[in-house]
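The values are calculated or read from the model by the stated rules, or taken from the named source; none is laboratory data. Remember, it's a predicted structure, so these values are computed and weren't measured experimentally. Virtual Cβ from ideal backbone geometry, glycine too; neighbours counted across all protein chains shown.
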């Protein structure tokens, strides 16, 4: 099973409607996803679908993602508005007023969590949402993937970190730790690829379709702005998560690598012998040699 992921679309960030930069970037990501071989079984769209939670941007989202050749699953980010989202996606699954739901008809069970906390950049996960998650995890011991917008981890990038001191993170972590069938947590929010341990599993953060956050591990002095770069231009990012029946293997790429990067090698007759050698080596290794 191949699961694609895009995140932090931020439609409506700039002017121009269908022609704003973020809309162009999203259309490029959609075209790239449609061209990937093998084709992903579904796409996870992990929050900050719009920048202002406005109706025109959600309508634009539906129009652009309508070009996907595979189904899409959504979760809410801190820039989203649940009520406006539901005007455009009236059949979106909600429980207790939150965009949280289980997907049980796939080889890998998926639980989508809602970490939108109105007015907070760093998200939230209250007792009601925690109880919902506990109940869903108690229903099955199948391998399960958690999907959310906010990664509940220290990232090293100070201004984008959500750490263990957050009350909602302290509420979530013991739930995750009690259920060893959680194969991974997929998230967005930070606008760059990051992997970290959490609650006995891994959190895997996907880069954004929007420009990326600069990798800067130097702490900030909030009293002394130092003109450091914070956001950098780059091609839209994409996550590809391959479930092989035993483990989830995650890759992060971008639209340039998939379509326009300079190709330095191809699978030709010249390369065929080396490929056969590698396959023979794997076969011997799996036989215990």
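A few remarks follow.
- Only a single criterion out of (1) under 24 Å from residue 42 (Cβ atoms); (2) surrounded by fewer than 16 Cβ atoms within 10 Å (Cβ to Cβ); (3) touching a residue at least 12 places away in the same chain (Cβ under 8 Å) is not satisfied by residue 127, namely (1).
- Matching helices (runs of 4 or more DSSP H) fully within segment 1-109 where at least 3 residues are crowded, with 22+ Cβ neighbours inside 10 Å: 21-35, 55-65
- Unique match (being surrounded by 21 or more Cβ atoms within 10 Å (Cβ to Cβ), in contact with a strand residue (DSSP E or B) (Cβ under 7 Å, 6 or more places away or on another chain) and either touching a residue at least 40 places away in the same chain (Cβ under 8 Å) or under 23 Å from residue 2 (Cβ atoms) (or both)) among 116, 145: 145
- For segment 236-262, the candidate set comprises residues that are in contact with a strand residue (DSSP E or B) (Cβ under 6 Å, 6 or more places away or on another chain) and free of Cβ contacts under 8 Å to residues at least 24 places away in the same chain; within that set, the residue that is surrounded by the fewest Cβ atoms within 10 Å (Cβ to Cβ) is 251.
- Flag for residue 229 being assigned to a loop (DSSP other than H, G, I, E, B), more than 28 Å from residue 182 (Cα to Cα), modelled with pLDDT of 90 or more and touching a helix residue (DSSP H, G or I) at 6+ places or on another chain (Cβ under 9 Å): no
- Hits in segment 193-211 - residues which are in a loop (DSSP other than H, G, I, E, B) and either at pLDDT 95 or above or out of contact with any strand residue (DSSP E or B) (no Cβ under 6 Å at 6 or more places or on another chain) (or both): 193, 199, 200, 206, 207, 208, 209, 210
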